[in-house]
Amino acid sequence: MIACPCCGLDNCHPGVRAIAELLIANGYTVTSVCRCRSRNDAVGGVPRSKHLIGKAIDIYLPSKYSDFKF
């Protein structure tokens, strides 16, 4: 999901969008890219989260990758 799920905000940086789309195309679950202030607050995001400006990606990794470090 690239746009904010609560309001549709889509201020994604082009490079971040390309990475998110590549992750999605390769079977990864992208859980968050863009967030409005309300959504960020609701999910416990930090006040200056990069999600607010479309420069962050959250992905879900199955538990078999729980020890994987980036």
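Quick notes on this one:
- Rolling a 1.4 Å probe over the protein heavy atoms of the chain, with every protein chain left in place, gives an accessible area that is 57 percent carbon and sulfur.
- Here the dipole of the chain is about 200 debye; that uses its Cα centre as origin and unit charges on the Cβ of Lys and Arg (positive) and Asp and Glu (negative).
- Label corresponding to P(r) over Cα pairs in 5 Å bins from 0, in percent when calculated from the structure given, among (1) 3, 17, 21, 19, 11, 8, 8, 6, 4, 2, 1; (2) 3, 18, 26, 23, 17, 10, 2; (3) 3, 15, 26, 28, 17, 7, 3, 1: (2)
- Radius 12 Å from Cβ of ARG17, net charge of other residues (Lys, Arg +1; Asp, Glu -1): -1
- Each peptide in 29-37, 48-56, 16-24 gets a packing score, the mean of other Cβ atoms within 10 Å over its residues, and the list from highest to lowest is 29-37, 48-56, 16-24.
- Solvent-accessible ranking of TYR28, TYR60, largest area first, probe 1.4 Å: TYR60, TYR28
- Taking the C-alpha atoms only, the angle from helix 14-25 to the longest principal axis of the chain is near 40 degrees.
- Excluding ligands, DNA and RNA, the accessible surface per residue across the chain is 69 Å² with a 1.4 Å probe.
- Taking every C-alpha pair closer than 8 Å and separated by at least 6 residues, the mean separation divided by the residue count of the chain gives a relative contact order of 35 percent.
The values are calculated or read from the model by the stated rules, or taken from the named source; none is laboratory data. What you see is a predicted model; the values in this text were computed from it and never measured. Note: ideal-geometry Cβ built from the backbone for every residue, glycine included; neighbour counts use all protein chains shown. With ligands, DNA and RNA removed, areas are computed over all heavy atoms of the protein, side chains included. Shrake-Rupley method; radii C 1.70, N 1.55, O 1.52, S 1.80 Å.
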